[in-house]
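The values are calculated or read from the model by the stated rules, or taken from the named source; none is laboratory data. None of these values were measured; they are calculated from a predicted model. Counting neighbours? That spans all protein chains shown, and the Cβs are built from the backbone with ideal geometry, glycine included. Each accessible area value is taken on the protein alone, full model and side chains, heavy atoms only, with ligands, DNA and RNA left out. Shrake-Rupley method; radii C 1.70, N 1.55, O 1.52, S 1.80 Å.
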Amino acid sequence: MDFELNDEQRQMKMSVREFAESEIAPHVMEWDEAQHFPIELKPKLAALGLMGVLFPEEYGGAGLGYVEYATVIEELSRVDGSVGISVAAHTSLCSNHIYLFGTEEQKRKYLAPLAAGEHLGAWGLTEPGSGSDASSTRTTAVRKDGGWVINGSKNFITHAIAGDTCVAFASTDRTKLSKGITGFIFEKGMKGFSPSKKENKLGLRASETASVVFEDCFVSDQNRLGEEGQGFRNAMEVLDGGRISIAALAVGIAQGAFESAVRYSGERHQFGKAIREFQAIQFKLADMGTQIDAARLLMYRAASLKDQGKRTTKASSMAKLFASEMGVRVCEEAIQIHGGYGYTKDYPAEKYWRDSKLCTIGEGTSEIQRIIIAREILKSS
């Protein structure tokens, strides 16, 4: 049992950190205030191989594993969670779904440009009336002329506007409920497929989130992703990996907030000394550091199991649940340590806190994670 990254992984970690601090950090607040999605970063991320970490080189990827991937998401999110979640949604949801369940032709046509960072990916499961209950999707797909006519909508979709390729789900047989849901691949500009309302969000404001609408959108059967009726089951498997991303996102955001609090506690003086010399602040920092390390270990355990080809449903949900709730707590404590300044935009603590909250909601709420974990525990009891 090894709790340390190897030399190559450490080198990659530092390379991503240097990139984030030089290319992202100077613009964080500007992008957040303007809700600017930094599409200009895409070629730079691609040049570092960060848009296809998980995929074999034959498809344009870096050929690495989930441990490296989680490290990438953590380091990007340590500086800006908006960039972290953008890379995560592109990689572990859209691209990974095609990698796991696509045909060879689909992988060559869609995965290769996604993994190389030439195209940007989106993934649509949530609807206005089906969030936690994703199996109750109302979007429909009806057979017609060697393909399918899709009608419906999806919301809270990362890259709904800028994305070139979108994986989304529709009911092909409502009588079968979750077993009647099928995945499809959509291309930007496809007739009847268009983005809609962009969300005005609390946090992660530089990450583009919007709705997509399907209005008599025809897709050929070549764009069906996976077996008919297996879309929901496949999506749940994809989310096992996606939840490792959210754990990494939360750990990175918390780490950034923690480092900010440590710095500030050395700069701020009260009663004649730096506030970190007071035991009250030291105890806060001790708890914050311990919680971050615990979450990171859960994240790496799930990632390591994934790299071994093992089922990670319970481990992924545990990592996601603990890390996301830890992230909110740590970021709130960072604000407390900053005092009144923590409530202003002059310091980064308030942004880290705003960004952290999404982690307890996206890719399955904390309540859903507890249901999954309990179900997995009881299965083996």
ask   = With labels modelled as points extended 7 Å from the Cα through the Cβ direction, what inter-label distance (nm, one decimal) is found for Arg268 paired with Phe3?
value = 3.0 nm
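Which order do the peptides 120-130, 71-81, 174-184, 336-346 take when ranked by the mean count of other beta-carbon atoms within 10 Å per residue, highest first? Please list the in-between numbers first.
Values: 120-130: 22.4, 71-81: 28.5, 174-184: 18.0, 336-346: 15.4.
Order by mean packing, descending: 71-81, 120-130, 174-184, 336-346.
In Å², what does the accessible area per residue of the chain work out to with a 1.4 Å probe? Don't jump to the answer; show the numbers that get you there.
Working: 16800 Å² over 381 residues.
That works out to 44 Å² for each residue.
Please give the peptides 102-109, 239-246, 32-39 ranked by average Cβ packing (other Cβ atoms within 10 Å per residue), highest first, as a rough proxy for protection. Spell out each step's value before the answer.
Values: 102-109: 15.0, 239-246: 27.5, 32-39: 16.5.
Result, highest mean Cβ count within 10 Å first: 239-246, 32-39, 102-109.
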ask   = Per residue, what volume in Å³ does the Cα convex hull of segment 214-291 take up?
value = 155 Å³
query = Residues of segment 176-216 with amide nitrogen under 18 Å from the 7 Å Cα-to-Cβ point of Glu105?
reply = 183-187
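Hey, any idea what % of segment 251-318's accessible area is carbon plus sulfur with a 1.4 Å probe? The partial results should precede the final answer.
Working: 1820 of 3430 Å².
Carbon-and-sulfur percentage of accessible area, whole number: 53.
At 0.36 nm per residue, minus the direct Cα-Cα distance, what do Glu215 and Gln11 gain on full extension? Give it in nm, one decimal, please.
Details: separation 204, 0.36 × 204 = 73.44 nm, distance 4.76 nm.
Net length gain for the segment: 68.7 nm.
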query = Using the Cα atoms as the points, what is the convex hull volume per residue of the chain in Å³?
reply = 140 Å³
task = Rank Gln9, Asn151, Val251 by how far each Cα sits towards the positive end of the charge dipole of the chain (+1 on Lys, Arg Cβ; -1 on Asp, Glu Cβ) and give me just the farthest.
result = Asn151
note = XL table Lys109/Lys154; Lys107/Lys197; Lys284/Lys345; Cα-Cα > 26 Å flagged, in table order, is Lys107/Lys197
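Full-extension gain between Ile39 and Glu57, please, as 0.36 nm times their residue separation minus the C-alpha to C-alpha distance. Write down the numbers at each step before the final one.
On the way: separation 18, 0.36 × 18 = 6.48 nm, distance 2.38 nm.
Net length gain for the segment: 4.1 nm.
Helix-only estimate, please: 222 nm mean residue ellipticity of the chain, summing -39500 (n - 2.57) across DSSP H runs of length 4 or more and dividing by its residues, to the nearest 500.
Details: 12 runs with 172 residues, N = 381.
Value at 222 nm, helices only: -14500 deg cm²/dmol.
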remark   = Of the DSSP H helices in the chain, the ones reaching 15 Å or more along their long axis in Cα terms and averaging at least -1.0 in Kyte-Doolittle hydropathy are 66-79, 231-267, 279-307, 313-338, 366-379
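Let's test the formula: R0 of 45 Å, r as the Cβ-Cβ distance of Ala25 and Thr175. What FRET efficiency results, to the nearest 0.05? Present the calculation step by step, with values, prior to reporting the outcome.
Details: r = 53 Å, r/R0 = 1.17.
With R0 = 45 Å, the Cβ-Cβ based efficiency is 0.30.
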ask   = Got a number for carbon plus sulfur as a percent of segment 52-110's accessible area, 1.4 Å probe?
value = 50 percent
